[in-house]
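J.: One structure, pasted below without further comment.
Since every read-out is calculated from the coordinates, none of them should be taken as a lab result. Note that this is a predicted model, so its numbers are computed, not measured. Note: ideal-geometry Cβ built from the backbone for every residue, glycine included; neighbour counts use all protein chains shown.
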Amino acid sequence: MWRSLLLRGTTRLLQVVDPRFLHQRHFSSLCLRSVTHRLIRRPSCVPRFHGTGCFLAHSGTRAFRKDAKSTVEFPVGPITVTEIKQYIRSKDIPFHDGFSCLHIPSIFIDSSARKDSFSMFIDKTTGQFLCKDTLLEGSWEDLQDCLEVMQKEGQDFLSPHVLLGYPHSVEEQEERERELMEVQRIWSSAVPFTDLPEDEAQLVKTMFQITKVTNATLKKFGVRVFKPTKSLVFPWFSGPNTSLKGVKLLSAQNGEAEEVKYNEAMVPKCSSYYNLFGLPLVSRMDSEVVLTGHELDTLAVSQATGLPSVALPRGVSCLPPVLLPYLEQFKRVTLWLGGDIRSWEASKIFSRKLGLKRCCLVRPGEYRPCPMEALARGKNLGHIIKTSIPAAHKSIVSFKQLREDVYGELLNTDQVAGVKWTRFQELNRILKGHRKGELTVFTGPTGSGKTTFISELALDLCMQGVNTLWGSFEINNVRLAKIMLTQFAMQRLEENLEQYDYWADKFEELPLYFMTFHGQQNIKTVLDTMQHAVYLYDINHVIIDNLQFMMGQEHLSVDKFAVQDHIIGAFRKFATNTSCHVTLIIHPRKEEDDRELQTASIFGSAKASQEADNVLILQEKKLVTCPGRRSLQVTKNRFDGDVGIFPLDFIKSSLTFSAPIKGKHKLKKVHNKPENEDVESSDMSVKKDEGKKENVNKTAKNPRPVKNPTKGK
Ligand SMILES: Nc1ncnc2c1ncn2[C@@H]1O[C@H](COP(=O)(O)OP(=O)(O)OP(=O)(O)O)[C@@H](O)[C@H]1O
């Protein structure tokens with residue numbers, strides 16, 4: 001019996017990996033082995049599914065312990081909720097149809113001992129399950145395996161202890177124990193806020209700018225102070241006995257204009273552990289919750305309104321599906337994630353996962369800052385929550401409904417323009433930033449450095465918290481990660497191997513994931529994988545290198561343009577539907593060597609440039625004096641129409657492209673002429689009127705004090 005279960009496990013493919021795997025020399029075989037070892041994770045050993053699949057790879061004398069937070073074991077085919085329901089019905093299991101999950105009685109607890117009769121949750125999108133009583137988690141296939149076994153054996157529950165023999169390496173076990181000890185050490189040496197002398201407590205509150213938060217609130221949420229690092233400690237409790245599973249340490253630093261800047265550290269590492277802050281204070285009877293993006297915001301909401309409130313562990317960067325079961329009991333979820341556009345965008349995306357119908361969103365704005373600021377400014381938080389807007393989308397709207405959105409965009413021009421690159425200022429100048437939901441088409445001559453350049457472009461964004469998924473079909477993930485790591489460290493690591501671990505550790509913390517496809521792929525499989533990764537990791541940027549690998553071989557002679565158009569259309573739709581930015585690398589047609597590429601050089605019909613929001617071309621002018629010189633030309637920019645070109649110098653040791661020394665190349669303005677007419681490859685050319693840009697920035701920093709009659713009522 002077990003043999004067959006394990007064999008079945010081997011058939012599952014690992015299709016998305018995160019960078020922490022990429023040091024491994026025998027990646028795929030190890031992954032498969034880890035799947036065969038494991039049927040379901042045991043919480044005592046592996047507290048969450050993010051920690052599953054840990055394994056060891058040895059290379060010479062070095063050993064890498066990999067914490068497989070984000071391996072995704074795909075269902076053999078994507079599962080639908082109808083299929084899940086059909087299967088469960090076929091096993092005569094009763095279920096409740098929840099918002100994001102189906103609820104069934106736990107199969108790991110004897111029916112006579114079940115406290116809550118429906119304590120097991122099956123994610124409607126992925127089929128992953130979580131038993132809240134035992135904290136067991138697993139994939140849809142795992143669950144099916146369990147149910148088949150139960151049926152065969154005629155049992156009405158399975159003992160987790162018999163079932164879950166997952167051998168952990170000594171190193172893994174030690175690491176886990178170390179982390180738990182560290183959690184305990186911090187927690188026990190931290191001082192409960194209310195035990196601090198009043199003057200010290202006031203000092204801490206002033207430092208964190210939380211003077212309006214009462215001691216009673218801090219006590220209620222169990223907030224402590226860790227003196228050695230002058231940090232606030234927020235506990236994460238979970239499990240049936242509400243035991244301490246982790247802590248978040250928050251330190252405060254004075255930023256510009258007397259604003260406080262917070263730094264966070266988490267134990268266990270943030271990438272391997274997720275929990276909702278404030279969960280133990282939620283009663284089983286509560287049917288309403290306010291979801292915030294920060295622990296301090298949860299304190300503010302709770303104190304000011306008395307409403308149940310929980311905080312997302314990693315703020316607006318993600319809502320891991322593993323947390324969804326804990327939010328199932330609420331009939332109304334108000335998302336108040338912060339006071340900026342990023343929080344607003346995140347709340348719209350997260351509400352899809354939570355079920356639109358029960359979600360209400362607090363729209364950020366002058367009168368609705370983040371909850372802690374609202375408390376500090378004496379605002380009526382209850383009113384703000386009451387007047388939050390339903391997330392459910394109406395297909396026909398009037399301007400009355402849109403006017404707040406329009407106002408928000410006008411007020412926050414800079415944020416609306418997207419995430420700015422730190423390494424490519426010229427690109428900021430032309431494109432203004434990297435925005436959600438757009439499609440960027442990128443082309444350039446064969447071997448000109450497209451992959452290398454896009455790698456750095458994406459890395460820059462990823463380093464700023466843009467959750468990134470790579471689909472590299474041409475070069476394998478190890479090579480790609482090597483390029484990215486070199487660009488990250490900005491040096492030739494081959495010559496500085498002693499620094500490898502230092503950089504690899506930092507690199508591991510990036511929200512970066514890789515699809516494990518290689519060579520020709522079916523577009524549907526790729527899109528399903530992307531969809532799945534967006535759901536699991538809130539991916540904001542997908543890079544596809546390159547489109548030709550989805551074209552298939554057999555149809556090429558039939559109508560390759562139609563195939564390409566179809567693929568581009570599918571990526572366009574994906575970007576729009578998921579609010580995820582897709583960067584698509586497309587090979588150009590064969591051009592004459594001495595001619596610059598233009599939008600029309602993109603292989604295929606005009607569909608690519610029509611569908612794209614941005615078209616970027618890596619121009620290669622073969623100069624004897626400067627052979628590595630490239631230029632990046634933006635030939636389409638739907639956001640504000642600015643197009644232009646600027647030079648890129650290639651630094652071979654770090655594989656990076658940087659803007660040449662200032663003064664060497666003068667900025668050249670061009671009019672918005674048809675592409676390529678005014679291109680001089682060594683000049684930086686921006687069509688834009690610079691004065692206009694200055695104004696935009698000023699507006700963003702000092703918003704017009706126009707009173708909006710619809711606001712603040
Ligand atoms: N500006 C440059 N000057 C010289 N070499 C470069 C430059 N940019 C990249 N390279 C090197 O050229 C090689 C090919 O680069 P890369 O794979 O990024 O090109 P590509 O355009 O993606 O190729 P392909 O057309 O095959 O997809 C790599 O070894 C890379 O380090």
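J.: Report the FRET efficiency, 1/(1 + (r/R0)^6), for Lys400 and Arg638, where r is their Cβ-Cβ distance and R0 is 30 Å, rounded to 0.05. Kindly include the intermediate steps, with their values, before the conclusion.
T.: Details: r = 27 Å, r/R0 = 0.89.
So, using R0 = 30 Å, E works out to roughly 0.65.
J.: Still on this model: Residues with beta-carbon under 12 Å from that of Lys248, excluding Lys248: net charge, scoring Lys, Arg +1 and Asp, Glu -1? Could you put the intermediate results ahead of the total?
T.: Values: positive: Arg224, Lys245, Lys269, Arg314; negative: Glu264, Glu295.
Surrounding charge for Lys248 is +2.
J.: Now for a separate question. So if each residue of separation counts as 0.36 nm, and I subtract the Cα-Cα distance between Ser90 and Glu174, what length gain in nm does that give?
T.: Details: separation 84, 0.36 × 84 = 30.24 nm, distance 4.26 nm.
Roughly 26.0 nm would be gained on extension.
J.: On the principal axes of its Cα set, how long, how wide and how thick is segment 433-588? Give whole Å, largest value first.
T.: Extents along the principal axes, in whole Å: 53, 31, 26.
J.: What are the ³J(HN,Hα) values, in whole Hz, obtained from phi via the Karplus relation 6.51 cos²θ - 1.76 cosθ + 1.60 with θ = phi - 60°, for each residue of segment 83-89 in sequence order, with x given for Gly and Pro?
T.: Calculated HN-Hα couplings, in order: 5, 4, 4, 4, 5, 5, 4 Hz.
J.: So what J values fall out for segment 224-235 if you push phi through Karplus, 6.51 cos²θ - 1.76 cosθ + 1.60 with θ = phi - 60°, rounded to Hz, Gly and Pro as x?
T.: These are the phi-based 3J(HN,Hα) values: 10, 10, 9, 5, x, 10, 6, 10, 7, 10, 10, x Hz.
J.: Next question, about the same structure. Would you mind counting up the charge near Val316? Only other residues with Cβ under 10 Å from its Cβ, with Lys and Arg at +1 and Asp and Glu at -1. Write down the numbers at each step before the final one.
T.: Working: positive: Arg314, Arg342; negative: Asp340, Glu345, Asp538.
Once positives and negatives cancel, what remains is -1.
J.: If I model a spin label at Lys560 and Asn428 as a point 7 Å from the Cα along the Cα→Cβ vector, what separation in nanometres do I get?
T.: 4.0 nm
J.: Now a separate question. Take the cross-link list Lys132/Lys205; Lys91/Lys386; Lys400/Lys436; Lys219/Lys269; Lys124/Lys152; Lys91/Lys132 and give me the ones stretching past 32 Å between alpha-carbons. Write down the numbers at each step before the final one.
T.: Details: Lys132/Lys205 36 Å; Lys91/Lys386 43 Å; Lys400/Lys436 25 Å; Lys219/Lys269 25 Å; Lys124/Lys152 26 Å; Lys91/Lys132 21 Å.
Over 32 Å apart, Cα to Cα: Lys132/Lys205; Lys91/Lys386.
J.: Tell me, how many Å apart are the Cα centres for segment 440-499 and for segment 168-240?
T.: Rounded to whole Å, the Cα centres lie 38 Å apart.
J.: List, in the order given, every pair from Lys227/Lys420; Lys85/Lys573; Lys506/Lys573; Lys85/Lys524 whose Cα-Cα distance in the structure shown is over 31 Å.
T.: Details: Lys227/Lys420 36 Å; Lys85/Lys573 28 Å; Lys506/Lys573 34 Å; Lys85/Lys524 24 Å.
In this structure, Lys227/Lys420; Lys506/Lys573 lie more than 31 Å apart at Cα.
J.: Take the Cβ-Cβ distance between Glu148 and Thr82 as r, set R0 to 35 Å, and report the resulting FRET efficiency rounded to the nearest 0.05.
T.: Plugging the Cβ-Cβ distance into 1/(1 + (r/R0)^6) gives 0.95.
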